[in-house]
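Each remark here refers to the structure printed beneath this line.
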Amino acid sequence: MTIRAGHDVTEAENGAVALRNHEATPADVIVLDVVMPVMEGIETIRALRKSDPNVKIIAISGGAPSGSSTYLKYASNLGAHAVLSKPFRNSELLECIDSLLSADVDRQAAC
């Protein structure tokens, strides 16, 4: 675990590992790519929503322009609080994380 920008960060190489990590040590915010090996992001969001309906999720994607927006819209419909399309600046991600952490967010964040 490393500390970056004042946050504890745990990395996972795929959605299945992320889900196991969250079940063992719940995170306040999960940032996940929609396209991942083993368990892709959409499936991971579904599993996270079943195991922890209140976890805050930021979905990111950098696929083809039309594919990226489709994936992110689907992620949003499944319960991602925020979506970011690659490329994005580190400051955008940090602002989004801070926004989710500082507010009682039920759904979409202004990220």
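The values are calculated or read from the model by the stated rules, or taken from the named source; none is laboratory data. For clarity, every value in this text was computed on a predicted model and none was experimentally measured. When we count neighbours, we look across all protein chains shown, and the Cβ atoms used for this are built from the backbone with ideal geometry, even at glycine. When the accessible area is computed, the model is the full protein with side chains, heavy atoms only, and any ligands, DNA or RNA have been set aside. Shrake-Rupley method; radii C 1.70, N 1.55, O 1.52, S 1.80 Å.
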| query | Taking the stated definitions as given, is residue 93 assigned to a helix (DSSP H, G or I) and either at pLDDT 90 or above or open to solvent by less than 90 Å² (accessible area, probe 1.4 Å) (or both)? | reply | yes
| For region 23-66, what are the residues that are among the acidic types (Asp, Glu), exposed (fewer than 13 other Cβ atoms within 10 Å of the Cβ) and not in a loop (DSSP other than H, G, I, E, B)? | 23
| request: Please tell me if residue 32 is under 20 Å from residue 5 (Cα atoms) and either at pLDDT 90 or above or within 12 Å of the chain's Cα centre (by Cα) (or both). | output: yes
